[in-house]
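To keep things clear, I will list the structure first and then write my remarks on it.
Here, each number is a calculation from the coordinates, and none is a lab measurement. Source: prediction; values computed, not measured. Don't worry about glycine lacking a Cβ; one is built from the backbone with ideal geometry, like all the others, and counts go over all protein chains shown.
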Amino acid sequence: MKPTSPLTVSNLSCEYQTNPLGLDEPAPRLGWTISSDRRATAQGTCRVRVATTPEILTTGGADVWDSGVVATPSACLTYAGRPLNSRERCWWTVDLRDNYDRSAAAPTPAWFEMGLLDPSDWRAGWMGWPAAVSGAGLLFQGGFDISKPVRQARVYVAGLGYYELRLNGRKVDDTVLEPAPTDCTRRIPYATLDVTHLIRPGANRIGAWVGNGWYGMPLLLVQVEILHPDGTTTRVHSGAPEFARWRVARSPITRNAIYDGETYDARLERPDWDLPSGSLESTPDRLDGWSWAMSASPPGGRLVARQPEPIRVVDTLRPTHVAEVRPGIFVFDLGRNIAGWARLRVRGPRGTTLLLRFAESLYPDGTVNPENLRAARSEDVYILKGGDVEEWEPRFTYHGFRYVQVEGWPGTPLPDDLDGRVVRSDVAERGAFDCDQGLILAIHTAVRRTEAGNLHGIPTDCPQRDERLGWLNDVTARAEEAIHNFDLTRFFGKWLDDIADAQDPATGALPDTIPFRFGFRPCDPVCIGLLLLPWLLQRHTGDDRLARRLLPNLCKWVDCLAAHTDAEGVLTYSFWGDWAPPTLLGAQVQMGNDPRNASAPGELVSTAFLYYHAALLARIAGQLHEPATQAPYAALAARTADLFHRRFWNEAVGGYGTGSQSCNALALYLGLVPAGLIPRVVDNLVREVDRYEGHLTTGNICTKYLLEALTDAGRMEVAWRIATQEDYPGWGYMLAHDATTIWERWELATGGAMNSHNHPMLGSIGAWFYRAVAGLRVETWGPEGLRFSVRPPPVLPGLTRASARLTTPCGPMGAAWKRTGGCLTVEVTVPVGGEASLHLPPGPVRLDDRPLKSATEGVRIVRVDERSTVVTFGSGDYQFTQEETA
Ligand code: BGC
């Protein structure tokens, strides 16, 4: 969209949110985006003012913080005023000048409101009920009276394992499966909710459904604070001495578990239980099932403001059809694999019991095949109360499924009687990718769905079976793909805190799964997420605070790995390595059905990852200007690189270790191959691909590196051949076998083993679509701003155009190229403050249909020679063309 005025400021954000409520970041990051009608615009100076009211800002004042005029190209400043107080709302605005000396100001002020910053702000105590051991979900009910007008009302609430909060009969917000999982002995997220509009004069009733969730037991903590115009505050909270006003009862949810599902007996509903009728002072009517709520021991962790986007229902699907596969057994097909649940509409006699069973695949007779769910029962039960049409969906479970088998339906259901509810962390979609090669586009869609289905407060490995865990090794593979497809700044920020919580303070060891539920400690050395995520986030947002804050944790983890080396420096332990390669390609790749990769020896992979850790840590420390940290890790990296080559170079195969795709791709990707040997290793890698007729033999880690290493070595046509295979092993094979999300294994398997059909790790190819096929690569984002490159790929069979777009905190960046009639056209969008470099083959280039040489406004020709043409340019929209020689 073309800007309407020459220079505008918009999208004011605080900690990546618009007008956030309940922050606990003492120095929030305030950001904005700038649009300009002139190319090569950059911010020159900016000034942020923060005030207690918007009026103060309008009159030019700032009674909280005035940054003064700051010379910076970054469209953000970190708050550096006086300490912020709990509950304080601050209004803020920004005005700036650009490099053309034009000025602009935010049209309207934005605000942020602090949460409860100090433990002493919490008056509330935890409540529970011993009878909860029955497995039922609980209802809590509390009340208060309001006799004065209300200016503002807030609820601060934490519930474990999952809760749904209601006020005067209405659900307070649209979140589900709240809160995101954490280690509750370390951190418990609380939400701050604006309930001003829900408070009534007179009697008010708070209600909460509370389920088992990941914590395994229902507990609730609520603090309501109501501010009156006369400056007084009414406070109501759980915990002594107010327990007399909180009651608890079993809910109609008689069973709830994440893996096993939920049973809801609508006959047990308590009409109006969350409406302000009846007195809560009187002794509960035990016959009616209500008791006084009881004080519960705190779970131990600090209460912290909810960081990432909450989980919501983000989409609703109508089944493509429903079939009666056996008398009275109906199977709904949603047409694709999702994470979420089913919502049904049904009418029938009281007591009718519906059994819903969820699965990713079907048996030949059309019934659901639950074998790959392993111990997860994934069954919901709904018992009708009778009467009108009843609509129901569960609250405290979710499933990974495409098919829903329903038994007990009164009559014959229609597809319209059931919805597929798609449920995930409600993060924004960040990237868009498009191209005209159908299979690649279909893989991209499946990868994106797979990633989406595994964002549930943590990056889960799968949504269906008895795991749904934050496996660190999988994140090594998928991190870059995930960050391209979704805006995970807040999501991964939270998960990095989970990782830090899980780290052994004495040894620095991390466990395999975060929060730790099972696996080894220390985790497999391929687990580099603690370093890779802050590094990638910094590159994609320009924000280095995570890396800075976690630097001691990063060092400890790398030290822990280094402490496990032998006398020579080889990292000898390995659990998973390049996990789950194709099993059907012979013993040289895999040992029978064992998902470990026989072609990628554990010591080789682990030692390469020790190098990767040390080298990346040195780069991070360098970027943070921490030379004392950088130097020892740079030295460790250099020693390990040298050792890797000496120890694993195999002259007989002209490559590393077994000479497999995994070994050589890993060494090339990490830059472990001495320059003189690179051509030989690349040739061998290509030969290995040819040996398998253009197919990969890699597992979850090295698949990404295979594509990237071939591309970087100028052999993208080989990577393309691998990516576009339609038969085994490859993504095309999955899609040819009805996959709508990416599988865990290269094989089609539905039995009771590791056979998830919705597993992001092999979707690591997703980043390559942006970086190589569309040719859009984020390079760096330092103090000078975002720097990215655009490198259209060489001519590839079946591909004549591709495009990609990424939103960034400073605006959208994008590249689109097409080849028509011997002409390559490349369109590039650079956000204000950014700079792109376009890399083209040698030959004359035109910009906006004029010779490149005549270009002005920040367009710089960096290189024109027989190898390439490279040009850099600042913000704006550009169209380049180049005649291509056949
Ligand atoms: C998980 C994986 C993980 C593996 C071992 C599995 O059960 O689902 O994704 O990589 O265990 O590391």
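Per-residue 3J(HN,Hα) values for segment 193-204, derived from phi via the Karplus relation 6.51 cos²θ - 1.76 cosθ + 1.60 with θ = phi - 60°, read 10, 7, 10, 3, 6, 9, 7, 10, x, x, 6, 10 Hz in sequence order (x marks Gly and Pro). The distance linking segment 773-789 with segment 380-444 is 38 Å (Cα centroid to Cα centroid, whole angstrom).
Between segment 618-678 and segment 7-49, the C-alpha centres lie 40 angstrom from each other.
In this structure the amide hydrogen of Gly577, modeled in the peptide plane, comes within under 5 Å of the amide hydrogens of Val526, none closer than 5 places in sequence on its chain. Legend: ranking of residues Val69, Val210, Val314 from fewest to most surrounding C-beta atoms inside 10 Å; resulting order Val69, Val314, Val210.
A Cβ-based charge dipole, computed about the Cα centre of segment 120-239 with Lys and Arg at +1 and Asp and Glu at -1, lands at about 200 debye.
When each of the peptides 788-800, 857-869, 746-758 is scored by how many other beta carbons lie within 10 Å of its residues on average, the order from highest to lowest is 746-758, 788-800, 857-869.
Where only DSSP H runs of four or more residues are counted, the chain gives -6000 deg cm²/dmol as its mean residue ellipticity at 222 nm, each run worth -39500 (n - 2.57). Compute the angle between helix 472-485 and the longest alpha-carbon principal axis of the chain, please, reported from 0 to 90 degrees and rounded to the nearest 10. So the helix axis and the longest Cα principal axis differ by about 90 degrees. Positive-end ranking of Ala482, Trp209, Pro28 along the dipole of the chain, with charges on Cβ about the Cα centre, is headed by Pro28. Put simply, the amide H of Ala376, placed in the peptide plane, has neighbours under 5 Å in Asp466, leaving out anything fewer than 5 places away on its chain. Roughly how tilted is helix 702-712, in degrees to the nearest 10 and between 0 and 90, from the longest Cα axis of the chain? With both axes taken from Cα atoms, the answer is about 40 degrees. Cα-Cα over 30 Å: which of Lys171/Lys494; Lys148/Lys385; Lys818/Lys853; Lys148/Lys171; Lys385/Lys494? The answer is Lys148/Lys385; Lys385/Lys494. Amide H to amide H, with H built 1.01 Å from N, Phe486 comes under 5 Å of Arg430, Gly431, counting only residues 5 or more places away or on other chains. Each residue of segment 252-258 was assigned a 3J(HN,Hα) from its phi angle through the Karplus expression (A = 6.51, B = -1.76, C = 1.60, θ = phi - 60°), giving x, 7, 8, 7, 8, 7, 4 Hz with x at Gly and Pro. Listed peptides 724-736, 697-709 appear in the order 697-709, 724-736 once ranked by packing, highest mean of other Cβ atoms within 10 Å at the front. Across segment 513-595, C-alpha contacts under 8 Å between residues 6 or more apart give a mean separation that, scaled by the residue count, equals a relative contact order of 23 percent.
For segment 678-685, 3J(HN,Hα) computed residue by residue from phi via the Karplus equation (6.51, -1.76, 1.60; θ = phi - 60°) reads 4, x, 5, 5, 4, 4, 5, 5 Hz, glycine and proline entered as x. Ordering of 258-264, 365-371 by packing is 258-264, 365-371, highest average first (other Cβ atoms within 10 Å, averaged per residue).
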